[in-house]
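Data block below; observations after.
Only the coordinates and a few stated rules stand behind these numbers; no lab work does. These figures come from a predicted structure and were not determined experimentally. In this analysis, Cβ positions are derived from the backbone assuming ideal geometry, glycine residues included, and neighbour counts consider all displayed protein chains.
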Amino acid sequence: MVTAASLGRAALELLFPSRCLGCGRSGTFLCDPCAQRLTPALPPRCARCWEPRSLAGECLSCQLRPPAFDALRTAFVYDGLARDLVQTLKYRGQTALAERMGRLLAQAACRSGLHADVAVPVPLSGLRKRTRGYNQAEALARTLGRALALPVEPKALVRLRHTAPQARGAGAEARRANVAGAFRAGADAVAGRSVLLVDDVATTGATLSACASALKEAGAASVWALTFARED
């Protein structure tokens, strides 16, 4: 369906042709040399939540209170150019960025050895999607799905209520409480299947865990979370 927001984005792309966010080169939002400058989120990290740590295995937080997802993997550290890419996609209507970012995400999935039956994007609330006009996680998931020949089920997971943005400085309990019970999954799309849960950035992991909990309640066999970037 053509919306005012989508028409506005198309007009902007005509008026202001794409330029690399890293170096300003015309013709692309991210040129190959600048893509090589992105900071990969490499080990050593927690095997579960992918937070940096000096030792192998799971961090103490995951040992004491494991998140609902089986593991989180992410392509890049959320700093510099990676932050610019995420924020431009999320807040500035440049949905064309999702094609390049989604391919990089697919490469990260392959490097991490993630295998799934279906990709499911983290949903926005109805209010936020109406305001923004699109869901950046869904845009990334669709490109990733094409690259990996993986079906994408954007309606498999719904957000039941609007939640405040997760605050990095908030306590763990507050972050979990903010998104507790905020999601519901459909059994028809995920029951018995391994799910790849896709989002643009992981801040605390609380939202991904709440989504994974809903997916498993609907019968998902496993849930692997994958994001373009992660705050360290």
Part-to-part distance (alpha-carbon centres) for the stretch 193-220 and the stretch 29-75, which is given in Å: 15 Å
Gyration tensor (alpha-carbon) shape descriptor, the stretch 8-131, a/c threshold 1.5: prolate
Shape of the stretch 38-230, Cα gyration tensor, a/c cut at 1.5: rounded
Extension gain, Arg130 back to Arg83 (0.36 nm per residue minus Cα-Cα distance, nm): 14.6 nm
Angle between the chain longest axis and helix 4-15 axis [Cα atoms, degrees, rounded to 10]: 50 degrees
DSSP beta bridge pairing in the stretch 38-230, given as percent antiparallel to the nearest 5: 20 percent
Cα-based helix-to-principal-axis angle, 206-217 vs the chain, degrees rounded to 10: 60 degrees
C-alpha long axis of helix 97-112 to longest principal axis of the chain, angle in °: 40 degrees
Anchor Lys90: lysines whose Cα lies under 26 Å away (excluding residues fewer than 8 positions away in-chain): Lys129, Lys155
Theoretical gain in end-to-end length, Ala96 to Leu64 [0.36 nm per residue, Cα-Cα removed]: 7.4 nm
Pair Ala221, Val158: separation of 7 Å Cα→Cβ label points (nm): 2.7 nm
Straight-distance crosslink candidates among aspartates and glutamates, where the alpha carbon sits under 12 Å from Lys216 and sequence neighbours closer than 8 are dropped: Asp70
